[in-house]
Amino acid sequence: MTLRASVLTFVSFVLVSCSTSYKPEGRTGGYRDLDLGQNRYLVTFRGNGYTRESTVQEFAVRRAKELCGEKGKEAVIQGVDGNSRSSQAGSTFNCTGSNCYEQKGMKVTKHSAQVQVECR
């Protein structure tokens with residue numbers, strides 16, 4: 001394996017390992033369940049800036065199915081909604097003498113998904 005291939009493999013591994021894992025919601029994201037009554041739930045999965053939109057949706061559906069399975073019931077998915085929000089991360093102000101300028105950081109997009117599910 002060439003040095004370039006090794007570096008690319010390492011960088012890919014680091015980026016993938018930084019994404020939100022499948023877990024209950026915490027500081028860096030995860031899933032949350034809301035009981036709507038009558039065996040209906042709203043499941044939300046929130047990812048961080050490294051989590052792909054498709055992964056967020058897959059994890060929300062996975063949690064919905066798991067939630068119904070824990071009750072011995074079948075999951076009937078009634079809708080999947082996605083949401084994305086972007087922000088600038090790491091903006092700094094640099095000054096040289098009397099001249100100051102803002103150096104904008106990288107744009108970060110965080111995805112989330114909501115699934116409505118009925119357990120039958």
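Side notes on the structure shown:
- Restricting segment 66-81 to residues that are without any contact (Cβ under 8 Å) to a residue 40 or more places away in the chain and not acidic (D, E), the residue that is surrounded by the fewest Cβ atoms within 10 Å (Cβ to Cβ): G72
- Identity of the residue in segment 87-100, part of a strand (DSSP E or B) and surrounded by 10 or more Cβ atoms within 10 Å (Cβ to Cβ), that ends up modelled with the highest pLDDT: S87
- Filtering segment 1-51 to residues that are small (G, A, S), modelled with pLDDT of 65 or more and either within 17 Å of S84 (Cα to Cα) or surrounded by 10 or more Cβ atoms within 10 Å (Cβ to Cβ) (or both) leaves S19, S21, G26, G29, G30, G47, G49.
The values are calculated or read from the model by the stated rules, or taken from the named source; none is laboratory data. Computed from a predicted structure; not experimentally measured. So basically every Cβ, Gly included, is an ideal-geometry build from the backbone, and we count neighbours across all protein chains shown.
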